[in-house]
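Trainee: Once you've had a glance at the structure underneath, I'll fire off some questions.
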Amino acid sequence: MEKSKKMNKFIKIFPWFSGLSKDLLFWVAINTLFLTVVKKLTISQIVSLTPISLIACIVLQIPLLKIIKKIGNTTAVRVGTFLFLLSSILLTFGNCYIVILIGKVVYEIAFTFKNMANAILENNLRLQNRDDDFIMLSTKANTIYSIITMLISLVASIMFNINHYLPMLGCIFFCLLCFILSFYMVDYSNLEIAKNDRKIKPRIVKYSTIILLIILSYGLFYPVVASGQLNGQLFIQQELLDNYKVNPAALIIGVILFISRVIRVISNVLFNRANKKYQDRIGVIFPCLLFAALFLMIAGSFISSSIVIKILAMSLGFIIMLFIRDPFEVYIQNLLLSQSSKDEQQTLLTILDLAKKIVRAIIDLSFAVILIGHQLLSVMIILLALSFVEIVVGFILYRYLMKDKLKATVSEY
């Protein structure tokens, strides 16, 4: 009875814990502005933070997984949220590039530990025979995150103008709150489940053409969107700071981020309907939207007749990237799971995440080098070219999916 009450409390708290700990709240809204204005980092230094921290996380992945297996899911989640808190403190009060870089490395490592919360959710739901609630609770967590970040984007710039450190103090507060909530994230699965799992012999994953194309598609799409979002924000910020003072520029960026967050919430709400209507064509439609988003940002930067039209065009491109980011990830994960057996799913999802990190590290490290002697425009053009490659991959994947469905239909007859 007592265990049942604890499980129910866990299920009530999980969406809030997961939603509030999906990223460093406030930091994601003012990171480029904070690093530029307060920490006085160059664009090249800002861009280099992500690839270096990702490479460090990739190199440390095997030791980190060994630690997680030793300490267990429950402790791993607490370690992850503590590292989030430590990262927010280092990013806030670090007075040089090296300290901020350490903060970013700690930030990336924190995700590896904190992601075990999903394993805890799955195990606890399995104990209650509520496996089907996994998607519902995860979606609820995503909705909470989208709404919270939308509201933060509305006030972050105002807080930044009052005091440049105020948003980051808010970030530290939420990290502390998540660390407290992590003590409710307990894995109640018992030894019986572990014994049952040991009876299943590990199978060698079969990498079909479709599986490889799914990994390639996501491994390219997500890093281009993520890098496009960061560099796109810097791109717009650069134009604004060239034409306005810091305070009005910060307010305009805040408005753009707020609108993009509203659109992000809407995209998550509408995705189920869009997925039913367009199905596998989403793998082509979304890369086309990514290409259109980057094209708008580049074309907008060349508008000289009106600063308002320039910012509107660039902002529209930025908003489109936020619109497609979450739904495409859900689409790819569902597609991967439908194309693999249950025994293969954990391995393939891990490889999917690793592919994203490796490509993102390569892209951003290359951009950090390019930005030493070139403008942001060069980076945006390269991203545009990569988005075209993603469209080609999407078309090829779509053709294979159609062939696979045709074979399945023929075999039925």
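The values are calculated or read from the model by the stated rules, or taken from the named source; none is laboratory data. Keep in mind that what you see is a predicted model, and the values were worked out from it rather than measured. Every residue, glycine as well, gets a Cβ built from its backbone with ideal geometry; the counts of neighbours run over all protein chains shown. Quick note on the areas: whole protein, heavy atoms, side chains included, nothing else; ligands and nucleic acids left out. Shrake-Rupley method; radii C 1.70, N 1.55, O 1.52, S 1.80 Å.
Trainee: So which of 227, 208 is at pLDDT 80 or above and in contact with a helix residue (DSSP H, G or I) (Cβ under 8 Å, 6 or more places away or on another chain)?
Mentor: On inspection, the qualifying residue turns out to be 227.
Trainee: Determine, yes or no, whether residue 25 is open to solvent by less than 10 Å² (accessible area, probe 1.4 Å) and at pLDDT below 85.
Mentor: In short, no.
Trainee: Could you count how many residues in segment 240-266 are at pLDDT 80 or above and either out of contact with any Ser or Thr (no Cβ under 7 Å at 6 or more places or on another chain) or among the polar types (S, T, N, Q) (or both)?
Mentor: 15
Trainee: Related question: Given the criteria open to solvent by 20 Å² or more (accessible area, probe 1.4 Å), of a type outside the set (Phe, Trp, Tyr) and touching a residue at least 12 places away in the same chain (Cβ under 8 Å), does residue 289 qualify?
Mentor: Yes; evaluated as a whole, the condition is true for this residue.
Trainee: So which residues in segment 381-413 are open to solvent by less than 50 Å² (accessible area, probe 1.4 Å), at pLDDT 90 or above and not hydroxyl-bearing (Ser, Thr, Tyr), if there are any at all?
Mentor: Of everything in segment 381-413, those that are open to solvent by less than 50 Å² (accessible area, probe 1.4 Å), at pLDDT 90 or above and not hydroxyl-bearing (Ser, Thr, Tyr) turn out to be 383, 384, 386, 390, 391, 393, 394, 397.
Trainee: Here is a follow-up. Determine if segment 103-113 includes at least one residue that is part of a helix (DSSP H, G or I), open to solvent by less than 30 Å² (accessible area, probe 1.4 Å), touching a Pro at 6+ places or on another chain (Cβ under 7 Å) and touching a residue at least 12 places away in the same chain (Cβ under 8 Å).
Mentor: Looking through segment 103-113, none of the residues is part of a helix (DSSP H, G or I), open to solvent by less than 30 Å² (accessible area, probe 1.4 Å), touching a Pro at 6+ places or on another chain (Cβ under 7 Å) and touching a residue at least 12 places away in the same chain (Cβ under 8 Å).
Trainee: Here's a follow-up. Run down 72, 19 and say which single residue is open to solvent by less than 50 Å² (accessible area, probe 1.4 Å), on the phi > 0 side of the Ramachandran plot and assigned to a helix (DSSP H, G or I).
Mentor: 72
Trainee: Hey, does segment 208-224 have a residue that's closer than 17 Å to residue 319 by Cα, polar (S, T, N, Q) and either in a helix (DSSP H, G or I) or within 21 Å of the chain's Cα centre (by Cα) (or both)?
Mentor: No; the residues of segment 208-224 include none that is closer than 17 Å to residue 319 by Cα, polar (S, T, N, Q) and either in a helix (DSSP H, G or I) or within 21 Å of the chain's Cα centre (by Cα) (or both).
Trainee: Step by step: first the residues of segment 313-327, then only those that are of a type in the set (A, V, I, L, M, F, W, C) and open to solvent by 10 Å² or more (accessible area, probe 1.4 Å), then the one that is farthest from residue 236 (Cα to Cα). Which residue is that?
Mentor: 323
Trainee: Step by step: first the residues of segment 87-102, then only those that are without any contact (Cβ under 8 Å) to a residue 60 or more places away in the chain and buried (at least 17 other Cβ atoms within 10 Å of the Cβ), then the one that is nearest to residue 166 (Cα to Cα). Which residue is that?
Mentor: 90
Trainee: Which residue, of 303, 259, 266, is outside any helix (DSSP H, G or I), farther than 23 Å from residue 50 by Cα and β-branched (Val, Ile, Thr)?
Mentor: 303
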